[in-house]
Amino acid sequence: MTDAAATTKPRETASDCERVSTATPSGIEVPEVVTAGMAGGADLEGPGQYPFTRGIFANGYRGRLWTFRQYSGFGSAEETNERYRFLLERGQTGLSVALDLPTQCGYDPDDPMARAEVGKVGVSLSNLAEMEVLFDGIDLGEISTSFTINGTAAIIYAMYLATADKQGVARDKLTGTIQNDILKEYVARGTWIFPVRPSMRLIADSVLYSNDETPRFNPISIAGAHVRDAGVTAAAEIAYTLANGLAYVDELLRRGGDINRFARRLSFFFYVHMDFFEEVCKFRAARRIWAKLLKERYGVTDEKALMFRFGVVCGGSSLTAAQPYNNIVRVGIENMAAVLGGAQSIFTCAYDEAFQIPTEASAEIALRTQQIIAHESGIARTVDPLGGSYYVEWLTDSMEDEIMRIIGEIEDMGGAVRAIEEGRIQQMTAEAACRRKQAQDRGETVVVGVNAFHNPGEDQDFGEVFRLDPALSRTVLEKLEAVKEQRDGKAVAKGLDRLEKAAAKEDENLLPYFVECCHAYATVGEMVATLKGRWGEFEEPIRL
Amino acid sequence: MSLNLKRILIAKPGLDGHDVGAKVIAMALRDAGAEVIYTGLRKAPEAIARIAVEEDVDAVGLSILSGNHKELAIDTIRCLVELGADDMAVFVGGTIPAQDLFDLKQAGVRDVFTAAMTIDDVVAAIDQAIGAPESGQ
């Protein structure tokens with residue numbers, strides 16, 4: 001390996017930009033050529049067989065294609081409902097709900113902390129009336145819905161159940177996902193509310209409740225995407241996420257959960273960035289590691305509980321505001337890596353997403369990209385078509401080693417919960433972000449249109465810009481006022497009181513109380529304030 | 001290099017939780033020799049202005065990626081003026097469309113930085129802006 005690497009030298013005429021980097025972004029030094037003897041995987045299991053390197057299904061995408069899931073939601077529930085119907089008519093197969101920051105952080109639209117942010121980066125859902133509008137005319141028994149929600153995930157999940165109750169849809173028919181992964185919020189995305197330990201309780205509550213009430217629903221999607229976007233490598237993305245996954249497993253076991261049952265409903269969520277083979281191999285390695293950890297450490301016997309299921313986003317910080325149309329090509333390449341890596345659900349970013357909420361035209365290109373790959377390219381025809389490639393098997397093994405090394409580091413810190421409470425993973429992430437930015441600044445990492453092949457004056461050319469209705473926040477406030485006037489104040493007070501008392505008991509599952517509060521039209525802000533009174537708020541450890 | 005900038009507050013106004021840019025710039029300024037105070041997430045403009053005045057910083061850097069840069073920058077500057085810190089230099093970094101630059105500068109923002117700039121350029125620009133009134137030191 002080192003011999004091969006040593007013989008790789010740039011062509012004499014090559015400028016910096018023409019030189020091909022010999023290491024992957026995760027720092028794995030790649031030989032010039034990988035030969036049969038170097039590659040593992042000679043005795044590779046088949047797809048659908050433990051430890052699932054080649055995929056969790058024996059027939060790959062032949063049985064069923066991945067879910068095309070576009071992320072959208074902005075402004076009012078009415079507007080978002082309209083966009084959903086638009087996307088469903090055009091062949092989208094799952095809905096993905098983006099929520100505004102006040103809803104994510106537990107502030108009602110009339111809270112001073114919410115000012116200027118209502119409906120800005122997603123839809124405002126402060127109470128059941130808003131969610132009823134959001135899904136008006138959409139049968140929750142027929143569609144799978146994914147909510148990007150964490151700090152208030154248990155409440156939004158309860159609101160979804162209450163909406164289904166009102167539509168008359170049986171809970172066991174509901175499919176979809178709530179992100180509900182609080183640990184990575186402390187590291188990268190920042191919508192935490194409560195301290196780590198009570199937050200872990202809310203997650204266990206929703207997972208255990210969902211196992212019984214909504215057996216086809218994914219009550220958690222353990223996400224590496226945001227940490228990746230913040231700056232860590234692909235290997236660290238997988239390692240931090242699996243370490244968080246193990247922390248949730250431990251918490252659920254502590255609460256008396258049956259691992260062979262709850263592990264079936266754990267799912268994962270990642271970014272796909274541009275280094276094609278490393279992205280494919282990180283997914284192959286992740287499937288293998290997760291299955292091995294659950295079987296060898298926890299003695300999981302249920303085959304389905306060992307299966308690592310994941311969704312992805314193609315785009316994120318790999319997209320650039322400069323020369324935005326280049327992003328269409330990037331998303332296409334990333335989309336292919338996701339399919340070859342065996343994703344169950346794929347979201348493709350619109351090319352303008354690096355700087356704004358996508359327009360209808362850009363959102364449509366993003367969906368069409370998936371359809372072209374699914375129906376024209378033929379790459380989904382056979383299972384794991386890259387399996388057995390010398391390079392792919394070698395890189396899968398190398399990624400597995402690197403991921404396990406990082407998981408070991410976190411375990412040495414006392415596990416994910418402690419490392420996060422102490423701010424150590426936050427610090428490692430910030431340092432990685434600094435390194436990534438410096439590598440781009442120095443041109444060590446080439447980003448076309450940004451630090452190479454740059455046309456001066458082009459970078460702020462945004463084309464068509466989507467603008468929100470400025471009257472929106474006023475409309476949302478008026479609707480909230482009307483709900484507060486019309487609802488039964490006694491039922492709200494009683495619901496919140498029962499929630500508070502239940503929160504005082506360590507082992508009481510809070511979900512039934514949230515559902516009750518939602519049915520009474522109590523607001524997200526009221527429920528969160530009730531719990532803050534008991535648990536307090538997370539205090540951010542600042543380590544730079 | 002010796003900096004004009006001695007103390008700076010890096011702040012995250014509003015609810016936006018994307019703190020990578022803030023931390024990267026904070027670390028770069030610290031490595032360049034400035035004293036850096038980082039507020040952490042979710043600070044109201046009033047709180048940011050109060051901390052800036054209490055800590056007697058030379059400048060405030062606001063990191064905003066939620067699209068609310070105009071409202072939050074204007075509010076923060078208003079709060080600084082109310083506390084008598086009219087001359088405090090305010091910088092904004094984040095996802096800022098070109099068409100908003102004029103409004104931000106009109107509102108009193110000294111300079112605006114996006115991810116397209118190198119870290120070194122951002123540090124130099126902040127330092128130069130701070131040193132401008134009394135150059136030659």
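Bear in mind these aren't lab numbers, they're just calculated from the coordinates by the rules spelled out. Computed from a predicted structure; not experimentally measured. FYI the Cβ positions are ideal-geometry reconstructions off the backbone, even for glycines, and counts take in every protein chain you see.
Here's the list of lysines a cross-link from residue A:173 could span, going by alpha-carbon distance under 20 Å and ignoring same-chain residues fewer than 8 apart: A:304. Near residue A:497: Cβ cut-off under 15 Å, other residues only, Lys/Arg at +1 and Asp/Glu at -1. The net charge is +1.
Ranking A:339, A:233, A:170 by how far each Cα lies toward the positive end of the dipole of chain A (charges on Cβ) leaves A:170 at the top.
Close amide-amide hydrogen proximity is noted between residue B:43 and B:12, B:14, each under 5 Å apart and 5 or more residues distant or on a separate chain (H modeled in the peptide plane; Pro and chain starts excluded).
Remark on residue A:312: its backbone amide H falls under 5 Å from those of A:270, A:345, A:346, A:347, a criterion applied only to residues 5 or more positions apart or on other chains, H modelled at 1.01 Å from N.
In region B:7-131, the ratio of gyration radius to Kirkwood radius, Rg to Rh, stands at 0.91 when only Cα atoms are counted. Of the residues B:112, B:85, B:53, the one whose Cα sits farthest towards the positive end of the charge dipole of region B:7-131 is B:112 (charges of +1 on Lys and Arg Cβ, -1 on Asp and Glu Cβ, taken about the Cα centre).
Measure out, as a whole number of angstrom, how far apart the alpha-carbon centroids of region A:399-446 and region B:1-65 sit. Each part reduced to its Cα centre gives a spacing of 23 Å.
Averaging the Cα positions of each part gives two centres, and for region A:88-139 and region A:325-389 these lie 26 Å apart. For the protein assembly as shown, the Cβ-based charge dipole about the Cα centre amounts to some 1700 debye (Lys, Arg positive; Asp, Glu negative; other atoms uncharged).
Rg over Rh for the protein assembly as shown works out to 0.95, both radii taken from alpha-carbon positions and Rh defined as the Kirkwood radius.
Among the lysines, select those whose C-alpha is under 21 Å from the C-alpha of residue B:12, and discard any that sit fewer than 8 residues away in the same chain. List returned: A:120, A:184, A:437, B:23, B:43, B:70, B:105. Here nothing in chain A passes the span test, since no DSSP H helix has an alpha carbon length of 27 Å or more along the helix axis and a Kyte-Doolittle mean of 1.0 or above.
For residue A:178, the residues whose modelled amide H falls within less than 5 Å of its own, excluding neighbours fewer than 5 places apart on the same chain, are A:147, A:218, A:220.
I'd like the distance between the alpha-carbon centres of region A:256-285 and region A:216-232, rounded to an integer number of Å. If we compute the Cα centre of each part, the gap is 9 Å. Dipole magnitude for region A:121-277: computed about the Cα centre from +1 point charges on Lys and Arg Cβ and -1 point charges on Asp and Glu Cβ, it is near 420 debye. Annotation: lysines with alpha-carbon distance below 24 angstrom to residue A:166 (same-chain offsets under eight excluded): A:479, A:484, A:490, A:494.
I'd like to know which of A:121, A:66, A:21 lies farthest towards the positive end of the charge dipole of chain A, counting +1 on Cβ of Lys and Arg and -1 on Cβ of Asp and Glu. Comparing the listed Cα positions along the dipole, A:66 ranks first. With contacts taken as Cα pairs under 8 Å at a separation of at least 6 residues, region B:7-131 carries a relative contact order of 26 percent.
Put a plus charge on the Cβ of each Lys and Arg, a minus charge on the Cβ of each Asp and Glu, and nothing anywhere else: the dipole of region B:7-131 about its Cα centre is then about 300 debye.
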